[in-house]
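Reading through the structure tokens given below for one structure.
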Amino acid sequence: MSGARVRWRKAGGLHGARFYGYTLVLPAIALLIFFFFIPSFYNVELSFHKISLFETVRGRGKFVGLENFAKLIRDPEFYNALKNTTFWLTGATVGLRLLLGFVLALLLNSTALKRWRLADVGRILVFIPWGVPPVVAVTIWKWMLHSRYGVVNLIFQRLGLIQQPIFFLTDTSVVWISIILVIVWRELPFAVVTFLAGLQSIPQELYEVARIDGAGWFHELRYITIPLLKPVITIVAFMITIWTFNNFVYVWLFTRGGPGNFTHVLGTKVYFESFVNYKIGYGATFGVIMTVIMMVFALVYFSTLFKRSVNV
Amino acid sequence: MLQKIRDLFIVIVTFIIIGLILFPFFWMIVSSLKPSTQLLTRELQFIGTQLTLKNYHGIIEVGFFHFILNSILVCTTATIICVGFIASPAAYAISRYRFSGRSSILAMVGFTQMFPWVILVTPVFMIFWALHLVNSYVGLIVVYIAITAPFSIYMLVGYFETIPKALDEAAVVDGCSPLGTIFRVILPISLPGLVATSAYTFAITWNEFIFALTLMTQTEKKTVPVGLANFLGQYTTDWGIVMAASVVATIPTAIFFLLLQRHLVAGLAVGAVKQ
């Protein structure tokens, strides 16, 4: 024991920082390499093969070169999934979350709520959907949007807004609205809470000075709040865009990509091709395309952050 | 006077929005307490007249508690190993030691934190199949340690940075080895940060769906989210039981998020500013 101690100390002498730094980081790095980097490269290899899920026991399947990619660019389903992922799954929900999140954060940060001592209660209540597992969120909304017994249809009919029940999950004209509703409901708190933290870090004196200068509510928003909140808004926008673009669970559990293939997104396609159609190679091809899109996006993200930290 | 009316208006608008946000949560709880005769009705009843706990008995009968036990086993083990043995040593090293490659390691952690899990599903399944880790608790635990490690490291680096370095130096002067410094000095006073990180890690693993879906194909090995999703897929869905199961599935994460929301916000805000 004491011998070991002496050796520890000795190692801690000259090259200590380096030695201990690497030793302590090593398990984490090994895990990340094993779990994130090796599978990413293996995914590329799989995409060059034609391999069925049933063949996994016997070997690696047949090497087909770029055949899977050639098939993919001719596959109308790919373009449908890409369009759905970009506009509906990501574009619509991120836009709505940023807008609603900003409005709610402003309301929760308003002096009115503080004077009534309701700011804390409001913040905690808004936070609740984030404590609901995504699977449960989908379950609740599937029940609420049930065509026959769902509370939304019952309320709409009671109010006389509709005569016939709406088939929220199978009618192609409303199914995306239903999916967007679930995602925005469950994921909105993240935007609200980070925006709120950003608003609270804006010095109050700025508003006081502005008020002395006779600035109105709109001018304060336009010239103080929005510019100072912009860094937080940018980061939140990037983060939720990445998380949502690759999301699988909402669309899969809500519609399984249906009706037909109407609501398939890239995330559900990866799973669908690999584990429902048993075409592992083709599923991996979708994964490779998503990886490329994500890498481009990550590069833009990091270079934006870098540029800002240089400027400031 | 004018200001009072304005205040009242803002308060009312805010709480109408909050009411709309909370309604689904309320509806889940109410539906879980209604007998099926009151669920499958075209009449609009907000509370219902005969509330019952029958559905909660029902989820015991359909074996939902087996999924809960699986989830508790996998998520607790993964959280303890991830935070205790992978993330805190790494975060400590990143926070305290200046070694070459440190910033690229931080970048790598940041990159993996954004890494979309769905892309990994196919290759991880193939690798795990070859290693006989499909339908194995060990396999899923390894996955959960890996996917939560990046975020845990980030959160803990943020926390360790708030602890003065003089403390480490004092420990070293008193003859503590580096590991002793971590386990006997730093970790004990970092307890609030460790608890927050663990709770967040647990919540992520508790909610995780796609790896649990692909790696656990035997019914008796399934976790709560997959077990719950299976109820949904059945042709005649018993909504009362599904809602009761949903309430039970929500309890752990809801408690964690409510208790820790202040801390999480601080952590997220620090992360956002730091980056």
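No value in this document is a laboratory result; all are computed from the given coordinates. None of the values given here were measured: they were computed from a predicted structure. Cβ coordinates were reconstructed from backbone atoms using ideal geometry, including for glycine residues, and neighbour counts include every protein chain displayed.
In order along region A:293-302, the phi-based Karplus estimate (6.51 cos²θ - 1.76 cosθ + 1.60, θ = phi - 60°) of 3J(HN,Hα) comes to 4, 5, 5, 4, 4, 5, 4, 4, 4, 5 Hz; Gly and Pro are listed as x.
By the count of neighbouring beta-carbon atoms within 10 Å, fewest first, A:218, A:168, A:37 end up ordered A:218, A:37, A:168.
Here the gap between residue A:124 and residue A:297, fully extended at 0.36 nm per residue and compared with their Cα-Cα distance, gives a gain of 59.0 nm.
The Cα-based radius of gyration and maximum Cα-Cα distance (Dmax) for region A:198-312 are 21.6, 68 Å.
For chain B, the longest principal axis of the C-alpha atoms and the axis of helix B:137-160 are separated by about 60°. Ordered by the count of other Cβ atoms within 10 Å of each Cβ, fewest first, B:127, B:119 give B:127, B:119. Taking only Cα atoms, what is the 0 to 90° angle, nearest 10, from helix B:239-274's long axis to the longest principal axis of chain B? That helix lies at roughly 30 degrees to the long axis. Mean separation of Cα pairs under 8 Å and 6 or more residues apart, divided by the residue count, gives region B:63-274 a relative contact order of 32 percent. Taking the fewest neighbouring Cβ atoms within 10 Å as the starting point, the ordered list for A:175, A:270 is A:175, A:270.
Volume of the convex hull of chain A (Cα atoms only), normalised per residue: 267 Å³. Distance between the modelled labels on residue A:172 and residue A:117, one decimal in nanometres: 5.7 nm (7 Å Cα→Cβ projection). The calculated FRET efficiency for the pair residue B:41 and residue A:77, based on their C-beta separation and a Förster distance of 45 Å, comes to about 0.65. The mean number of partner chain beta-carbon atoms within 10 angstrom of a residue's beta-carbon across peptide B:26-39 is 2.
Take each residue of peptide B:170-180, count the partner chain Cβ atoms within 10 Å of its Cβ, and average: the result is 3. For chain B, the longest principal axis of the alpha carbon atoms and the long axis of helix B:2-32 meet at an angle near 80°. For residue A:50, which lysines qualify as cross-link partners when the Cα separation must be under 16 Å and same-chain residues fewer than eight apart are set aside? In chain and number order, the partners are A:62, A:71, A:279. The helix-only estimate of mean residue ellipticity at 222 nm for the protein assembly as shown, built from DSSP H runs of length n ≥ 4 each weighted as -39500 (n - 2.57), is -22000 deg cm²/dmol after division by the residue total. Here the relative contact order of chain A, from alpha carbon pairs under 8 Å that lie six or more residues apart, stands at 26 percent.
Using the average count of surrounding beta-carbon atoms within 10 Å as a protection proxy, the listed peptides B:14-25, A:198-209 rank, highest first, as B:14-25, A:198-209. Partner lysines whose Cα lies under 20 Å from the Cα of residue B:34, excluding those fewer than 8 positions away in the same chain, are identified as A:142, B:54.
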